[in-house]
Amino acid sequence: MLGLPFDLSLVLLLVSIAFFSGIGITTIGPGGIFVTIALYSLTPLASSQVAGTAHATFVVTGLVGSAAYLHSGEMKTGESRAIAVVLSASSILGALVGAAVNAFVPRSVFGVLLGGVSMSVGGVILYRERRGFTALYDLEPLERQGQLALAGLGFALGICSGLLGIGGPVLAVPALVLVGVPMLLAVAVAQVQSIFIATFAAAGYALQGNVLLPLAVVIGTPLLLGVVTGWKVAHMIDPEKLKVALGVVLLGVGPYLAL
């Protein structure tokens, strides 16, 4: 199917995972990583094809997620726009660097890195929920010092996302929350950032011939539906209630990916 060594049952499984990943993207941020995890663990694709194809799907989801949060008002303040602009602009170079570095990373090392990120994000989520939370840094996005901090953060996030084929919200939401950005605003801003990370990272991988467009369309369609569903869910329930389950799953799959 699609010129790839996948049977129908595997395609259906990937579609299902993509839908629930989309829900995670716009409810709590770290959802798109499950698309990357599924492509890596369930298919024989090279790590560069996993990352390139995943990023291709995140371009449209970022656009739709951003539009949804603009509609609901989270992106209409000067503070939110300042965070989005600085974080996104600095992520572009990082995404290109990460995509270039991926070509030199063996598949086994890619799995270790992906597993490490999965466990780290899951650990941060669970620690924050169990021990309580105090921001590590009081971010002032409208001041020069705060913007410099955001620029450095965006560059680092861009490298990690571009290298591993994970959407911006996977890392950006936990990172922004750690510097004092409210949860829903962090999710909204991360949608905007993901557009730039995904676009430039996907372009880098496309130049290498590592974006499998038919597969990206098959996965991207349910992912997009999940993003819209997740945005509605985020405004109906407390996203905090979903964090513990997410953290447990990320911690659980981390060692598997690293092996």
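Relative to the longest principal Cα axis of the chain, at what angle does helix 8-27 sit, 0 to 90 degrees, rounded to 10? Here the helix axis deviates by roughly 10 degrees.
Normalised per residue, the accessible area of the chain is 42 Å², obtained with a 1.4 Å probe and no contribution from ligands, DNA or RNA. A straight chain from A151 to V112 at 0.36 nm per residue would run longer than the Cα-Cα distance by 11.3 nm. For the chain, with all protein chains in place and a probe radius of 1.4 Å, 71% of the accessible heavy-atom surface sits on carbon or sulfur. Put R128, R107, R81 in order of accessible area, highest first, and with a 1.4 Å probe you get R81, R107, R128. Restricting everything to alpha-carbon atoms, can you work out Rg to Rh for region 69-214 with a Kirkwood hydrodynamic radius? My calculation of the ratio gives 0.99. To the nearest ten degrees, helix 183-207 and the longest principal axis of the Cα atoms of the chain are 40 degrees apart. Extension gain, K76 to V244, is 57.5 nm, computed as 0.36 nm per intervening residue step minus the present C-alpha separation. Ranking D7, D138 by solvent-accessible area of protein heavy atoms (1.4 Å probe, all protein chains present), from largest to smallest, gives D138, D7.
Of L13, L176, L164, the residue with the greatest mean-square motion in the GNM of the chain, using alpha carbon springs below 10 Å, is L13.
May I ask for the Rg/Rh ratio of region 144-191, computed from Cα atoms with Rh as the Kirkwood radius, given to two decimals?
0.96
Rounded to the nearest 500, what is the chain's calculated 222 nm mean residue ellipticity when only DSSP H runs of at least 4 contribute -39500 (n - 2.57) each, over all residues? Here the helix-only value at 222 nm equals -27000 deg cm²/dmol. Calculated from the alpha-carbon coordinates, the chain shows an Rg and a Dmax of 16.8, 53 Å respectively.
The values are calculated or read from the model by the stated rules, or taken from the named source; none is laboratory data. Quantities reported herein were computed from a predicted structural model and do not represent experimental measurements. Areas reflect the complete protein model, heavy atoms only, side chains present, ligands, DNA and RNA absent. Shrake-Rupley method; radii C 1.70, N 1.55, O 1.52, S 1.80 Å.
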